[in-house]
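The structure appears right after this line, and notes come after that.
Each reported figure results from applying straightforward, stated rules to the coordinates on display, with no laboratory input. This one's a predicted model, so the numbers in the text were calculated from it and none came from an experiment. Cβ placement follows ideal geometry from the backbone for every residue including glycine, while neighbour counts extend to all protein chains displayed.
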Amino acid sequence: MPHVPVPDGLPGITGLLAFKPATGVRVADLMHELLRGESPLTPAERETIGAYVSHRNECEFCARSHSATIPHLGSGAELSEAALVGPAAEGISPKLRALLAVAGAVTEGGHRVSDELVETARAAGATDEELHDTVLIAAAFCMANRYVDGLDAVTPTEDAAYDQMGVRLAREGYRRAL
């Protein structure tokens, strides 16, 4: 049961955002910009980064909802696997592998993003903007994961619920009437 009152039918972060719309709209706008705004990374790659960070942070709601979004963006199974296992996933590009390693380091703390990780990502073809976006997405997901779990948000157990979320997030993004 959530630690704050949330509207019925709004699981996870959506219920929390609706609890306090003044900040909820801004958080939703930030997530929309990070995951659907201008970036050299595809929306599916950005969802993969967010889902992987959420798995690392053991945030079931965020990990499952963002993992469920990936196939609805037209991406193959390799990105869905990468959302679960990160850099060890088979079939992903060396650049995404290196960016996932950077994102994983962010979950441990900002100073864990070492010069070596950055140089490996650059050697694999990552641009400064891709590095920037990866770190910012990972940091934002660390915040969102702690928000969702810290207030004990409603976390569905049914796969169908996450598939429906994935369809909606792929089609509409993160801005929603709160």
Item to check | Residue-averaged [θ]222 nm for the chain, counting only DSSP H segments that reach four residues, each worth -39500 (n - 2.57) | outcome: -21000 deg cm²/dmol
Checklist outcome for this item: the stretch 89-143 and the stretch 1-80 have their Cα centres apart by a whole-number Å value of 18
Item to check | Taking M143, M1 and counting other C-beta atoms within 10 Å, the order from fewest to most | outcome: M1, M143
Checklist entry - Any idea what Rg and Dmax come out to for the stretch 1-101 if you just take the C-alpha atoms, in Å? => result 14.7, 44
Checklist entry - Rg and Dmax of the chain, using alpha carbons, in Å: what are they? => result 15.5, 48
Checklist entry - Once you measure Cβ to Cβ distances between cysteines in the chain, which Cys have no partner under 4.7 Å? => result C142
Item to check | Kirkwood hydrodynamic radius of the stretch 63-134, from inverse mean 1/r over distinct Cα pairs, in Å | outcome: 12.6
